[in-house]
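This report concerns only the one structure given below.
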Amino acid sequence: MTTAETMKQAETSDNSSREWIEKEHKYYQGTFKRNLVMERGEGVRVWDADGKVYLDLVAGIATNVLGHAHPAVVQAIIEQAQQLVHVSNLYINKRQVDLAEQLYNVSGGMRSFFSNSGAEANEGAIKLARKYGRVNRNGAYGIISMDRSFHGRTLATTAATGQKKYQDTWAPLPDGFKQVPFNDLDALKAATDEQTAGVLIEAMQGEGGIHAASTEYMQGLRAWCDAQNLILICDEVQAGMGRTGKFFSWEHMGIRPDIVTMAKGLAGGVPIGAMLAAPRADIFEPGDHGTTFGGNPIACAAGVATMKTILGEDLVGHSAQLGDYLDKRLHELAEKHSGMMSDIRGLGLMRAFDLAEPRAQDVMDRALERGMLITNAGPSTIRFVPPLIIQQSDLDEAMGKLDAALAAL
Ligand SMILES: Cc1ncc(COP(=O)(O)O)c(C=O)c1O
């Protein structure tokens, strides 16, 4: 069969989920365990290939911050595609500069480097901290990160990720990484040595189960980094873009990092990563780092539109407000399902609760049957990272479905 005939066959074949699942198993590597075929989305809802609609509280794992098919993002992509799709980083592209300017303004004067993902943004941050250590701390190169953290799937970010399950298979991992308990300043101080170049932390841990660092800890950490001439890197890949009710989660703790990494929601669902550096750490020179696609015009146009919408419509304040409402509704549910739910926690629209038993998958399955997508963080934790455009009525609907899902366990 010619390529054209194969493509024609793909276009005309059965649209049912069952057929697509079979084809996925045949043609796609077994990296993901999944059985739901998504067809389209609009706002806070997605439709599968069989036409069933779901209320989407996963949002592409904290990525579709403006929901699905937001007109501002769609329009920006179309217009940019008609003008310039790619030019490489040999040349300046205007949307890249526009997005860097927006990030400069929200970060209080940090300059950007764009990549394609959160892991890549963290790789850039690790390289920049290492360069700082080489130049300004007698050749130091080590990165201290936190237990329960998640920083990506490349080898270096796997080495920085404080969860054994992500590390074990890939030994030997790159040298120069160690983890310490989260929120424990003494442990961090004890782990710091002459080889340490910087500290990498999610001020609000995502994959590790929605745990916020305390203000006291983050302020102590900032002071320690200043005193020891270390670079403080905040990974805002999941918690940034207003998700916690502040644009960056570290704003809750009244500190400012030297390097910030972002990705996920930055371009409303189009692949992008960003590594922002404050003047102290901003020491990359031509040739130190690079990328073919990072900061691509389409991704940056989508990023500019996403940023404009978030700031213009105060979705950061909305996230804080709706997050409080979600918290209240979760507490009501916990009273009703007493003994089943505990430790309701989080900030803004980044929330979680624990189940008495490791049955997160069962809760997700029961929710799915009732037309709702929710996700977990480990076997006993249900996590909420919905689009920031979600409304109170959507959350009411979600709590109704969760109530029914818990009752059906
Ligand atoms: C805090 C954090 N950092 C980094 C990453 C990795 O991002 P990506 O999957 O875009 O490489 C993630 C992904 O979940 C994350 O939550």
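Here the sum of -39500 (n - 2.57) over DSSP H runs of 4 or more residues, divided by the residues of the chain, equals -12500 deg cm²/dmol at 222 nm, to the nearest 500.
Under 5 Å between amide hydrogens, built in the peptide plane, is the criterion, and for Arg383 it picks out Thr375, Asn376, Ala377 among residues at least 5 positions away or on other chains. For the chain, which span is the longest to avoid every loop-located (per DSSP) member of GluC sites (Glu not before Pro) having at most 14 other Cβ atoms inside 10 Å? With GluC sites (Glu not before Pro) excluded where exposed in loops, the chain gives 1-193 as its longest stretch. The alpha carbons of segment 268-409 give a radius of gyration and a Dmax of 19.3, 60 Å, in that order.
Can you give the longest stretch of the chain with no exposed loop site, where a site means chymotrypsin sites (Phe, Trp or Tyr not before Pro) in a DSSP loop (not H, G, I, E or B) with at most 15 other C-beta atoms within 10 Å?
Value returned for the longest uninterrupted segment is 92-409.
Let me check against my output: what whole-number percent is the relative contact order of segment 36-158, with C-alpha pairs under 8 Å and at least 6 apart? Averaging sequence separation for qualifying contacts and normalising by length gives 13 percent for segment 36-158. If the chain linking Ala69 and Asp98 were pulled fully straight, counting 0.36 nm for each residue of separation and taking away their Cα-Cα distance, it would gain 8.2 nm. Among the DSSP beta bridges whose two residues both lie in the chain, what percent are antiparallel, rounded to the nearest 5? Among the beta bridges of the chain, antiparallel pairing accounts for roughly 65 percent. Each of His337 and Ile78 was given a label point 7 Å from its Cα along the Cα-to-Cβ line. The distance between the two points is 4.1 nm. Stretching Asp50 away from Arg370 to a fully extended chain increases their span by 113.7 nm, per 0.36 nm per residue minus the current alpha-carbon distance.
Take the Cβ atoms of Glu285 and Ala404, set R0 to 56 Å, and the FRET efficiency comes out at 0.45. Computed over neighbours whose Cβ is under 12 Å from that of Gln83, the net charge equals +1, Lys and Arg +1, Asp and Glu -1. Ranking Phe284, Asn105, Pro297 by how far each Cα lies toward the positive end of the dipole of segment 71-312 (charges on Cβ) leaves Pro297 at the top.
A straight Cα-to-Cα reach below 12 Å connects Lys246 with the aspartates and glutamates Glu236, Asp314, residues fewer than 8 places away in its own chain not being considered.
Checked against a 27 Å cut-off, the cross-linked pairs Lys127/Lys189; Lys33/Lys336; Lys23/Lys164; Lys164/Lys328; Lys26/Lys127; Lys33/Lys165 give Cα-Cα distances beyond that limit for Lys33/Lys336; Lys23/Lys164; Lys164/Lys328; Lys26/Lys127. In segment 1-159, the convex hull through the Cα atoms has an average projected area of 14.8 nm², a quarter of its surface area. Based only on the alpha carbon positions, what is the Kirkwood hydrodynamic radius of segment 146-210, in angstrom? The Cα-based Kirkwood calculation yields 12.3 Å.
Here each label is just a point 7 Å from Cα along the line to Cβ, and for Leu311 and Ser88 those points are 3.2 nm apart. Express in % the proportion of alpha carbon pairs of segment 168-243 at distances exceeding 15 Å. So the pairs more than 15 Å apart make up 60 percent of the total in segment 168-243. Computed FRET efficiency, Cβ-Cβ of His25 and Ala187, R0 30 Å: what is it to the nearest 0.05? Taking R0 as 30 Å, the efficiency between His25 and Ala187 is 0.10.
Could you check how many percent of all C-alpha pairs in the chain are farther apart than 39 Å?
Looking at the chain, the distances longer than 39 Å represent 19 percent of pairs.
A 1.4 Å probe run over segment 71-312, with the rest of the protein chains in place, finds 41 Å² accessible per residue.
Between the beta carbons of Glu397 and Lys165, assuming R0 = 45 Å, the FRET efficiency works out to 0.85 to the nearest 0.05. For segment 328-352 versus segment 192-258, the spacing of their alpha-carbon centroids is 25 Å. With one equal scatterer per alpha carbon and no solvent term, the Debye-computed log10 I(q)/I(0) for segment 71-312 at 0.12, 0.13, 0.16 1/Å reads -0.64, -0.75, -1.11. Quick check on segment 202-299: take the gyration tensor over C-alpha atoms, sort the square-rooted eigenvalues as a ≥ b ≥ c, and tell me if it's rounded (a/c under 1.5), prolate or oblate. It is oblate, given that a/c is not under 1.5 and a/b is not larger than b/c.
Derived scalar couplings between HN and Hα for segment 48-58 equal 8, 5, 9, x, 6, 9, 10, 7, 9, 9, 9 Hz in order, rounded to whole Hz, by the Karplus curve 6.51 cos²θ - 1.76 cosθ + 1.60 (θ = phi - 60°), x for Gly and Pro.
The values are calculated or read from the model by the stated rules, or taken from the named source; none is laboratory data. The shown structure was predicted, so the numbers you read here are calculated from the model rather than taken from an experiment. Glycine also receives a Cβ, built like all others from the backbone with ideal geometry; neighbour counts cover every protein chain displayed. Side chains included, ligands, DNA and RNA excluded: accessible areas come from the protein's heavy atoms. Shrake-Rupley method; radii C 1.70, N 1.55, O 1.52, S 1.80 Å.
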